[in-house]
1. Between LEU105 and residues 5 or more places away or on another chain, which pairs have amide H atoms under 5 Å apart, with H built 1.01 Å from N, and which residues are they?
2. In nm, what is the difference between 0.36 nm times the number of residues separating LYS109 and LYS26 and their Cα-Cα distance?
3. Evaluate the stretch 29-75: find the radius of gyration of its Cα atoms, find its Kirkwood radius, and give the ratio Rg to Rh.
4. In debye, nearest 20, what is the charge dipole magnitude of the stretch 35-119 about its Cα centre with +1 on Lys and Arg Cβ and -1 on Asp and Glu Cβ, if you could check?
5. If you wrap a convex hull around the alpha carbons of the stretch 31-119, what volume per residue comes out, as a whole number of Å³?
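What follows draws every value from the coordinates through simple rules; no lab data is involved. Everything numeric here is computed off the predicted structure, so don't read it as measured data. Cβ sites come from the backbone with ideal geometry, for glycine too, and all protein chains shown count toward neighbours.
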Amino acid sequence: IIPKNDKKADITVKTPTPTITPEVFKRADWSLEILNGSGVAGVAKKTADTLEKSGYTIGTVGNSAKNITETQIFITDSKSTEDKAFFLADIKKLLGVDASISGTLADSKSTARIIVGSK
């Protein structure tokens, strides 16, 4: 006999953060455009330097046409869903931002474009 329990179970499901391993994810396979959308001089260069030291290939570094609050990330469709997830987790960790993928990068030869916001 199974006892009846009228209390609802408190179930919390946590989404695991992907573990980045060299066999799966290679930073050198990513070419990045870094744009400053924060309005603060030098932010794109500082971000590019951080990512380059971490192993990413940096292409264009410059200013965004508009200032934004939240950092935006655009990734080409040529990367797999798994690669995109690893990349996003890595960028969030390296830059200390709570960003998400904002859309598809279609107008560039780079793999991804990061527009750094003011937050």
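1. Those qualifying (amide H under 5 Å, at least 5 residues apart or on another chain) are ILE75, THR76, ASP77.
2. Working: separation 83, 0.36 × 83 = 29.88 nm, distance 1.80 nm.
So the extension gain works out to 28.1 nm.
3. Details: Rg = 10.4 Å, Rh = 10.9 Å.
Radius of gyration relative to Kirkwood radius: 0.95.
4. Values: 11 positive and 9 negative charges, 46 e Å.
The calculated dipole for the stretch 35-119 is roughly 220 debye.
5. Values: hull volume 7.5 nm³, N = 89.
Taking only Cα atoms, the stretch 31-119 has a hull volume of 84 Å³ per residue.
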